[in-house]
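Accompanying notes for the structure given below.
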Amino acid sequence: MQHNRKIILLVLGLFTTSLAFGQSEALKAVVNNLAFYKQKNDLAYLARAKKSADSLIVTRSDSSDLTKNVYRLIVYSSILNTDTLNKMNQPETFIDQTSALLDKLSARQKAYKFQPELDYSRRCLTNAYIRKGFMATTNNDFVKASAAFQKAKYYAPSFKPVNAYMAYANNKQGNLQEAAKNYSNLIATDSTKLEYFQTASSIYKSIGDTARALQILRRARRILPADKQLLQDEANIYNNKKDYKALEPLIGSLIDNNANNADITFVAANCYDNLNQYDKAESLYLRAIELNGAAYEPVFNLGLLYFKRSALKDNDDKNITSAILWLEKANEMAPRDKNCLALLQLAYKKTGNQNQLDRVNNKLQQVTN
């Protein structure tokens, strides 16, 4: 048995020329053919090694012989790892057959005696399943790809890239919950790749788990504080949730990074507006309008801001006049907007301008009917 052990370890060298000793000629043939393959790089020797390995298993006793089956496993694993184009014409089930053999032998009581050999086979199968997953991905068969990558992860749980492959395949299938878990595993072990954080947060947002998306973005920004996209992604979540208190600390950096972006300037203005910081909001609304004069929202919001200001004290002619000016401009841009017409109605009531009030009432009636 000890001689056989030495032969297997020599094979794992890998395939360095070994002395043909052991308990049987078949065992010698297996090892020598593997060694010849290593020397000559001729798949014919691998085929011979397989034929010899298969010939070891004849009786029921052979089927339970751990040593003989380990030899067979090494040959099968070597073929899967080496014959990437399947020139030996192995059946499609060959990889799963080898996997089942590895699992069966790993569960044996004395498997510990062959730990290096079993580890070698695991590495070979990991490579083979990853290759199978890539092939399925190329063919847009993401179900098969996911299954293959899952097997690769089973044999190499610490190999980080497998999580990325699984995440991609699950995402392409629409298995967002699984994809989110895959990306969570990735960012738990690899905190340097920005794309992992962005994709993970995006998936969690798409399944409605904004709390988890925020958790990921906050962690990412601690690690990559200078990244502009992470900052914007976090700000977008706060803005969509109307959590303006949480958004406020990000406004300064957002504006600094996007000084000429009308949309972000509007988001910042709207944030200050909702926090009743009207001076800051006014300045940013005007800047947003300067950057994009065709946008309706900053024009309407600025009119509304002046109207709110006018309500803070009596006889505030300046703010009510400004409110009417910008609301009329907004009405020109969107004549059928009921909210704008309703505000103009209130503004003209406040100023007592009956002619303009009648005009707005007529417009509002037409839009409502």
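The values are calculated or read from the model by the stated rules, or taken from the named source; none is laboratory data. Just so it is clear, the model here is predicted, and its values are computed rather than measured. Neighbour counts run over all protein chains shown; Cβ positions are idealised from the backbone, glycine included. Accessible surface areas use protein heavy atoms only, side chains included; no ligands, DNA or RNA. Shrake-Rupley method; radii C 1.70, N 1.55, O 1.52, S 1.80 Å.
When each of Ile251, Ile255, Ile237 is tested for being more than 26 Å from Lys308 (Cβ to Cβ), part of a helix (DSSP H, G or I) and not small (Gly, Ala, Ser), the lone residue that passes is Ile237. For the stretch 255-278, taking the residues that are open to solvent by less than 20 Å² (accessible area, probe 1.4 Å) and either modelled with pLDDT under 95 or among the β-branched types (Val, Ile, Thr) (or both), the one that is farthest from Ile289 (Cα to Cα) is identified as Ile264. For the stretch 334-355, a residue qualifies if it is under 27 Å from Asp314 (Cα atoms) and touching a residue at least 24 places away in the same chain (Cβ under 8 Å), and the qualifying residues are Lys338, Asn339, Cys340, Leu341, Leu343, Leu346, Ala347, Tyr348, Lys350, Thr351. Would you confirm whether any residue within the stretch 185-202 is assigned to a helix (DSSP H, G or I), surrounded by fewer than 19 Cβ atoms within 10 Å (Cβ to Cβ), among the aliphatic types (A, V, I, L, M) and in contact (Cβ under 8 Å) with a residue 24 or more places away in the chain? Scanning the stretch 185-202, I find at least one residue that is assigned to a helix (DSSP H, G or I), surrounded by fewer than 19 Cβ atoms within 10 Å (Cβ to Cβ), among the aliphatic types (A, V, I, L, M) and in contact (Cβ under 8 Å) with a residue 24 or more places away in the chain, so the answer is yes. Only residues that are among the charged types (D, E, K, R) and open to solvent by less than 20 Å² (accessible area, probe 1.4 Å) were counted across the stretch 291-306, and they come to 0.
Table: residues versus (1) in a helix (DSSP H, G or I); (2) open to solvent by 80 Å² or more (accessible area, probe 1.4 Å); (3) under 19 Å from Val267 (Cα atoms); (4) touching a Ser or Thr at 6+ places or on another chain (Cβ under 8 Å).
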position: Ile289; (1), (2), (3), (4): yes, no, yes, no
position: Lys308; (1), (2), (3), (4): yes, no, yes, no
position: Lys313; (1), (2), (3), (4): no, yes, no, no
position: Leu325; (1), (2), (3), (4): yes, yes, no, no
position: Asn339; (1), (2), (3), (4): yes, yes, no, no
position: Tyr348; (1), (2), (3), (4): yes, no, no, no
position: Leu357; (1), (2), (3), (4): yes, no, no, no
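Taking the stretch 56-85 as the range and being open to solvent by 60 Å² or more (accessible area, probe 1.4 Å) and either touching a Gly at 6+ places or on another chain (Cβ under 9 Å) or of a type outside the set (A, V, I, L, M) (or both) as the test, the residues that pass are Thr59, Arg60, Ser61, Ser64, Thr84.
The residue that is surrounded by the fewest Cβ atoms within 10 Å (Cβ to Cβ), counting only those in the stretch 16-30 that are β-branched (Val, Ile, Thr) and at pLDDT below 70, is Thr16.
As for the stretch 151-169, it holds no residue that is farther than 26 Å from Ser55 by Cβ, open to solvent by 20 Å² or more (accessible area, probe 1.4 Å), of a type in the set (Val, Ile, Thr) and touching a residue at least 24 places away in the same chain (Cβ under 8 Å).
Matching residues to (1) under 25 Å from Phe149 (Cβ atoms); (2) part of a helix (DSSP H, G or I):
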position: Lys68; (1), (2): no, yes
position: Leu80; (1), (2): yes, yes
position: Thr84; (1), (2): yes, no
position: Ser99; (1), (2): yes, yes
position: Gln109; (1), (2): no, no
position: Leu118; (1), (2): yes, yes
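Among the candidates Leu305, Leu327, Leu275, Leu286, the residue that is under 24 Å from Leu346 (Cα atoms) and touching a Gly at 6+ places or on another chain (Cβ under 6 Å) is uniquely Leu327.
Asn33 falls short of the stated requirement of being surrounded by fewer than 20 Cβ atoms within 10 Å (Cβ to Cβ) and either part of a helix (DSSP H, G or I) or free of Cβ contacts under 8 Å to residues at least 12 places away in the same chain (or both).
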